[in-house]
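Structure record follows, encoded as C-alpha cells.
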Amino acid sequence: MLKVPNHQVAGHQAGDGKLGPLVDDSGRFYKPLQGNKRGSNELAFYTSFSSNTRIPDHIRRFFPNFYGTQLVEASDGSGLQPHLVLQDLNFRRVKPSIMDIKIGSRTWAPQASEDYIHKCLKKDRETSSLPLGFRLSGFQIYQNRELGFWKPERTSFQSLPADEVKLLLRKLVSSNAYANLDSKPDCSFASIVYGGSTGILSQLLELKAWFEDQTIYHFYSSSVLIMYEKEFASNGKSPRAEIKLIDFAHVYEGQGVIDHNFLGGLCSLIKFISEILTIPDGCTTEASSKDIEKNQIYFENGTT
Ligand SMILES: Nc1ncnc2c1ncn2[C@@H]1O[C@H](COP(=O)(O)OP(=O)(O)OP(=O)(O)O)[C@@H](O)[C@H]1O
Ligand SMILES: O=P(O)(O)O[C@@H]1[C@H](O)[C@H](O)[C@@H](OP(=O)(O)O)[C@H](OP(=O)(O)O)[C@H]1O
C-alpha cells in the first residue's frame, strides 16, 4: 500500500488530489515521471548514472539507489502512471531534521527554452541563488517532543541574506531551534553533525573533490539534502548525519567541461558550514562548549 511521505520538505507534493511522490513500507520512494521532458530527462540520468562504471562507490553513495520505473496508482487519482522507483531516504528515520538546498547560482541549463530560462533567472535573482550560489528550497527542523517539527512556509526563507541563511544552518544543529527567529541557537550538535571524519562537512568535501574532476554531468537545479536525527544526537547515539543529491530533472551531459555552476555553489555551502564549526560567534556559549564536548565523547565512543 503506497502512502504520502511523512518528511517531504520541498517540490511537488501529493495530497489534496495533487500529483506527488509516494512511499511504500519497504523503503522505496515513487516519484511520478514529470511532464515537459523533466521526467524523461530524470529517468535518462538515473539510467546513465546507475550503469556508469566511472562513478566511484564513495560518490555513488551520495545518490539514492535507483530501481527502474513502475506503473503505480498516481496520488492525483489519474490512475496507473509511470514512476521512478528510488530509495526512500527517510526509511527508518524517526524524527529527521532535513534541509533541501538547491545548488548553483544558475538553475537552468543552456538547452532549456527561453521562457523557462526567463522564469528561472527571475527566481534565481529574487532568491539567494545568485548572491550565495545556493538557496534553501525547503526544510524541517525537529524541535522537541512537545513542539514537533518546525517547517515554515517555503517562500519565507528562500531570499534571506547570508547571515540569516547561516542562522538557519546553525538552528538546524541546535538543541534550542524553535520557530521563534529571535532565539539564539546553541549549536550543541554542530560538531557531531557537521564536524568529525564522517560528518556533513567531510561528506560535502568528498563530493566537492569529485566535482573538481568530473565532466560527465552538469547538474542544474539539483539539491543537496542534509539529514540527521536530533533525538539520537541528544541521547548520545550516532545522529545518522548524511547528505544525498536529489532532483535530476535538469541534468545534462557535461561534454568534458567541469560543472562550475554546481561546484561554485557547493564551495559556498561548504564555507558556510565550516564557518559554523570554526567561528562560534553566532552560537550561545552556555550550552555549547560543555554540550559539544559531551556529545563528541558519546559519538566517538560509538554509543549508538
Ligand atoms: N529518494 C527520496 N527519498 C525521500 N525523500 C525524497 C527523495 N527524493 C526527494 N525527496 C523529498 O522530496 C522533495 C522533492 O524532491 P524533488 O526535488 O526530487 O521533487 P520535484 O517535484 O522534482 O521538485 P521541484 O518541484 O523542486 O523540481 C525533497 O525536498 C525531499 O524532501
Ligand atoms: O522544474 P520546474 O518544474 O521548473 O520546478 C520548479 C523548480 O524546481 C524551482 O526551482 C522550484 O523552486 P524552489 O524549489 O526553489 O521552490 C519550483 O518550485 P515552486 O513551484 O514551489 O516555486 C519548481 O516548481
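Conditions (1) over 27 Å from T155 (Cβ atoms); (2) away from ligand 2 (no atom under 13 Å from the Cβ); (3) in contact (Cβ under 8 Å) with a residue 60 or more places away in the chain, marked per residue:
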site	(1), (2), (3)
Q13	no, no, no
G17	no, yes, yes
F29	no, yes, yes
G39	no, no, yes
N52	yes, yes, yes
R60	yes, yes, no
P64	no, yes, yes
L80	yes, yes, no
Would you confirm whether any residue within the stretch 234-242 is within 16 Å of ligand 1 (Cβ to nearest atom) and part of a strand (DSSP E or B)?
yes
Just to be sure before I move on: is G11 on the phi > 0 side of the Ramachandran plot, in contact with a Pro (Cβ under 9 Å, 6 or more places away or on another chain), buried (at least 16 other Cβ atoms within 10 Å of the Cβ) and not assigned by TED's automatic domain parsing to the domain that holds R154 in the structure I sent?
yes
For the stretch 41-72, which positions are surrounded by 15 or more Cβ atoms within 10 Å (Cβ to Cβ) and not in a helix (DSSP H, G or I)?
I55, F62, F63, P64, N65, F66, Y67, T69, V72
When the stretch 41-54 is examined, which residues are found to be away from ligand 1 (no atom under 13 Å from the Cβ) and either of a type in the set (D, E, K, R) or within 13 Å of F66 (Cβ to Cβ) (or both)?
A44, T47, S48, F49, S50, S51, N52, R54
Hits in the stretch 151-191 (condition: over 18 Å from D281 (Cα atoms) and buried (at least 17 other Cβ atoms within 10 Å of the Cβ)):
F157, Q158, S159, L160
Residues in the stretch 92-114 that are surrounded by fewer than 22 Cβ atoms within 10 Å (Cβ to Cβ), among the basic types (K, R) and under 18 Å from Q158 (Cβ atoms): how many?
1
For the stretch 206-219, indicate whether the set of residues that are buried (at least 23 other Cβ atoms within 10 Å of the Cβ), within 16 Å of ligand 1 (Cβ to nearest atom) and more than 21 Å from P280 (Cα to Cα) is non-empty.
yes
Which residues, taken from the stretch 13-40, are within 12 Å of ligand 1 (Cβ to nearest atom), outside any loop (DSSP other than H, G, I, E, B) and either more than 20 Å from the chain's Cα centre (by Cα) or of a type in the set (A, V, I, L, M, F, W, C) (or both)?
K18, L22, V23, F29
Among the numbered conditions (1) assigned to a loop (DSSP other than H, G, I, E, B); (2) at pLDDT 80 or above, tell me where F272 comes up short.
(1)
Just to be sure before I move on: is R106 part of a strand (DSSP E or B), touching a helix residue (DSSP H, G or I) at 6+ places or on another chain (Cβ under 6 Å) and among the basic types (K, R) in the structure I sent?
no
Taking the stretch 244-256 as the region of interest, how many residues are crowded, with 22+ Cβ neighbours inside 10 Å and either more than 12 Å from ligand 1 (Cβ to nearest atom) or among the β-branched types (V, I, T) (or both)?
1
Those strands (runs of 3 or more DSSP E) lying entirely in the stretch 139-230 with at least 2 residues in contact with a Pro (Cβ under 8 Å, 6 or more places away or on another chain) and not assigned by TED's automatic domain parsing to the domain that holds P64
223-229
With respect to D124, is the statement that it is part of a helix (DSSP H, G or I) and farther than 25 Å from V165 by Cα true?
no
What number of residues in the stretch 115-131 are buried (at least 20 other Cβ atoms within 10 Å of the Cβ) and either within 15 Å of ligand 1 (Cβ to nearest atom) or hydrophobic (A, V, I, L, M, F, W, C) (or both)?
3
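The values are calculated or read from the model by the stated rules, or taken from the named source; none is laboratory data. Values in this document were obtained by computation on a predicted structure and should not be read as measured data. Counting neighbours? That spans all protein chains shown, and the Cβs are built from the backbone with ideal geometry, glycine included.
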